[in-house]
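The values are calculated or read from the model by the stated rules, or taken from the named source; none is laboratory data. What you are looking at is a predicted structure, and each value in this text was computed from that prediction instead of being measured. For neighbour counting, all protein chains shown are included, and Cβ atoms are generated from backbone atoms with ideal geometry for every residue, glycine included. Each accessible area value is taken on the protein alone, full model and side chains, heavy atoms only, with ligands, DNA and RNA left out. Shrake-Rupley method; radii C 1.70, N 1.55, O 1.52, S 1.80 Å.
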Amino acid sequence: MAHIDRAFRSNIKLRHLQLLVALDEFRHLGRTAEFLSVSQPAVSKVLAEVEKMLGLTLFTRSTRGTEPTPAGESLVRFARAVLAQYDVTRDEIEAVASGAAGRVRVGSMSATLPVLLAQAVTRLKAQSPRATVLVEEGDLTHLLPRLRLSELDVIVGRLEPAYAAPDLLTEALYEDPMVAIVAAGHPLARKARPGWADVACHPLVLPPPWASLRVKIEQAFFRHGQVPPADLVESSSYLAVTTFVAQRQAVGFVAGTVGRQLQAEGRFHVLAMPVEVDLPPVGIITLRDRRLPPSVAELAQCLRDAAGEIGGPRKTAKTAKTAKTARTADRTS
């Protein structure tokens with residue numbers, strides 16, 4: 001495999017990597033050529049050039065389009081990581097040259113977006129008004145692959161032990177129990193002590209079936225002798241949850257900090273009922289061996305400062321226990 005090593009060290013260029021990523025996105029020579037503003041023969045020529053360099057077939061061609069081979073899939077992952085790191089380095093250099101604070105790419109779960117992250121970004125902007133923050137909402141299933149490909153710098157959300165891995169560095173910030181919310185004019189908002197039987201009579205907005213939180217909420221219904229209603233909307237999006245709770249007179253489940261923020265705004269009401277769901281702490285996830293650019297490190301400190309006001313001391317007994325469990329999972333994964 002000496003020729004492959006030589007190709008990576010000397011011959012592979014950014015334009016080759018950009019073409020491979022585009023081919024993987026569009027799976028079609030013509031659409032790839034249109035996206036790159038070149039001719040289709042030029043795309044075929046560059047692809048053939050890379051395959052000749054490596055001595056491997058990277059994409060199979062057919063009348064239906066192109067499909068990456070196993071070798072092609074590996075090289076596309078490499079290409080995405082290199083191009084993402086190229087963007088990070090370019091942004092850092094441009095920030096230094098212009099005096100700006102740089103660009104931060106944050107993946108946020110719904111438990112942290114409207115309160116913790118919003119407050120941290122406000123702090124960052126107060127310190128560095130020219131800093132740019134790109135925010136992408138999702139769950140860990142969606143966000144972790146993007147972090148590993150360097151398409152995100154940091155993830156803010158719940159530190160789910162099931163996703164612990166040796167390449168991830170986690171930092172617990174505070175505990176944030178779950179609450180149930182309804183629209184301000186919902187019948188349950190007028191009930192002094194609503195229970196699970198009351199909630200079971202209304203439509204629900206729940207996390208997707210594969211989310212651990214979904215299972216925990218359903219188990220809470222069963223513990224109280226209730227069956228979740230059949231009328232469901234499934235989403236982990238903050239916008240989707242608030243939209244359907246408001247428009248369908250549904251009951252939704254959100255982090256306590258989020259629920260209190262929504263209630264303070266006057267559009268929603270937090271039900272006066274305990275939601276006995278065991279949840280991991282809210283925290284920060286980064287890649288263990290990746291140095292944080294100055295702008296990312298600055299946002300991380302803003303997250304810590306905001307968390308200190310939101311959740312009190314960062315190391316409650318439960319948080320420390322959960323963090324220890326996550327570290328143990330890291331070592332055994």
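What the table below lists for this structure:
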read-out: The chain, helix-only ellipticity at 222 nm - DSSP H runs n ≥ 4, -39,500 (n - 2.57), divided by all residues, nearest 500; value: -15000 deg cm²/dmol
read-out: Rounded to 5, the percent of DSSP beta bridges in the range 125-279 classed as antiparallel; value: 60 percent
read-out: Debye, to nearest 20: dipole size of the chain, +1 on Lys, Arg Cβ, -1 on Asp, Glu Cβ; value: 300 debye
read-out: Percent accessible area from carbon and sulfur atoms, the chain, protein chains only, probe 1.4 Å; value: 56 percent
read-out: Exposure rank, largest accessible area first [196, 210; 1.4 Å]; value: 210, 196
read-out: Unit Cα scatterers, Debye sum, the range 1-94: log10 I(q)/I(0) for q = 0.13, 0.16, 0.18 Å⁻¹; value: -0.44, -0.65, -0.81
read-out: Accessible area in the full protein assembly, largest first, 1.4 Å probe, for 285, 93, 12; value: 93, 12, 285
read-out: Ordering of 152-158, 258-264 by burial proxy (mean other Cβ atoms within 10 Å per residue, highest first); value: 152-158, 258-264
read-out: Whole-number accessible area per residue in Å² for the chain, which is evaluated in the context of all protein chains at 1.4 Å; value: 50 Å²
read-out: For the range 157-202: rounded, prolate or oblate by the Cα gyration tensor [a/c cutoff 1.5]; value: prolate
read-out: Two-decimal Rg to Rh for the chain - Kirkwood Rh, Cα set; value: 1.05
read-out: Over the range 86-230, equivalent-ellipsoid semi-axes from the Cα gyration tensor in Å; value: 38, 19, 12
read-out: Mean separation of Cα contacts under 8 Å, 6 or more apart, over the residue count of the chain: relative contact order %; value: 22 percent
read-out: Ellipsoid semi-axes in whole angstrom, largest first, where each is sqrt(5λ) of the Cα gyration tensor of the range 125-181; value: 22, 18, 12
read-out: Debye, to nearest 20: dipole size of the range 151-308, +1 on Lys, Arg Cβ, -1 on Asp, Glu Cβ; value: 520 debye
read-out: Computed E for residue 264/residue 233 - FRET, C-beta separation, R0 25 angstrom, nearest 0.05; value: 0.55
read-out: By average C-beta atoms within 10 angstrom, highest first, the peptides 182-191, 76-85, 223-232; value: 76-85, 182-191, 223-232
read-out: Exposure rank, largest accessible area first [253, 8, 222; 1.4 Å]; value: 222, 8, 253
read-out: Inter-label distance for residue 118 and residue 45, nm, one decimal - labels placed 7 Å from Cα along Cα-to-Cβ; value: 5.4 nm
read-out: Rounded accessible area of residue 302 (nearest 10 Å², 1.4 Å probe); value: 0 Å²
read-out: Probe 1.4 Å - accessible area at residue 309, Å² to nearest ten; value: 130 Å²
read-out: Charge-dipole axis of the range 139-192 as Lys and Arg at +1 and Asp and Glu at -1 on Cβ define it, positive-most pick from 189, 169, 144; value: 189
read-out: Fraction of beta bridges assigned by DSSP in the chain that are antiparallel (%, nearest 5); value: 60 percent
read-out: Estimated FRET transfer efficiency when R0 is 56 angstrom, pair residue 57-residue 292 (beta carbons, to 0.05); value: 0.90
read-out: Relative contact order (%) - the range 188-316, alpha-carbon pairs under 8 angstrom, separation at least six; value: 26 percent
